[in-house]
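What follows is one structure encoded as structure tokens, with my remarks underneath.
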Amino acid sequence: MTRTPRIFGPGGRVLLCDGRPVAPLEVADTARSRRKGLLGTDAVAGALWITRCPSVHMVGMRYPIDVAVVDRDGTVLLVRTLLPLVGMTRPRRRASATIEAAAGAMASWGVRPGAVLAIAERE
């Protein structure tokens, strides 16, 4: 029996990069949703914005992801691709949130240090 892949997303909001919409977005803003993140999923459609999250780890993850760490204003401080089981980011001064997406997504969306990410409601 084949297991159905668990895909996270797409969320009910939109991720903006420098003012332009780039992906559907879900926001993890409760203690439970921040702890869970993308754990238990096999892929991500869109992105996950984890509030009050200055760093992430890949323990228990099944697939590589891109992460962008942002400050309170949404300015990107760091962009990395993390590998399952071994990847992690260290806490960064001024970090406020971490955005997670499929590996390669951040580059295709133009997310780089200095870019500004924001959350918008879907229209």
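The values are calculated or read from the model by the stated rules, or taken from the named source; none is laboratory data. Worth saying up front: this structure is predicted, and the values here are computed from it rather than measured. Backbone-built Cβ (ideal geometry, glycine too); neighbour counts: all protein chains shown.
Collect the residues in region 15-42 that are more than 16 Å from M106 (Cβ to Cβ) and of a type in the set (A, V, I, L, M, F, W, C), keeping them in residue-number order.
To start, the set of residues in region 15-42 that are more than 16 Å from M106 (Cβ to Cβ) comprises 19, 26-37, 39-42.
Listed by number, the residues that qualify are V27, A28, A31, L39.
Mind listing whichever residues of region 28-60 are within 25 Å of R93 (Cα to Cα), buried (at least 19 other Cβ atoms within 10 Å of the Cβ) and aliphatic (A, V, I, L, M)?
Those that are within 25 Å of R93 (Cα to Cα), buried (at least 19 other Cβ atoms within 10 Å of the Cβ) and aliphatic (A, V, I, L, M): A28, L38, A47, L48, I50, V56, M58.
Give the residues of region 7-52 that are over 15 Å from A101 (Cα atoms) and of a type in the set (A, V, I, L, M, F, W, C), sorted by residue number.
Answer for region 7-52, where residues must be over 15 Å from A101 (Cα atoms) and of a type in the set (A, V, I, L, M, F, W, C): just A31.
Which residues, taken from region 7-22, are out of contact with any Asp or Glu (no Cβ under 8 Å at 6 or more places or on another chain) and either at pLDDT below 95 or at positive phi (or both)?
Of everything in region 7-22, those that are out of contact with any Asp or Glu (no Cβ under 8 Å at 6 or more places or on another chain) and either at pLDDT below 95 or at positive phi (or both) turn out to be D18, G19.
Considering only region 46-73, state which residues are without any contact (Cβ under 8 Å) to a residue 40 or more places away in the chain, more than 19 Å from R32 (Cβ to Cβ) and aliphatic (A, V, I, L, M).
Correct list: M58, I65, V67, V69.
Pairs please, first residue from region 89-100 and farther than 16 Å from R35 by Cβ, second anywhere and of a type in the set (A, V, I, L, M) and in a loop (DSSP other than H, G, I, E, B), Cβ atoms under 7 Å, 6+ apart in sequence or on different chains.
T89/V56
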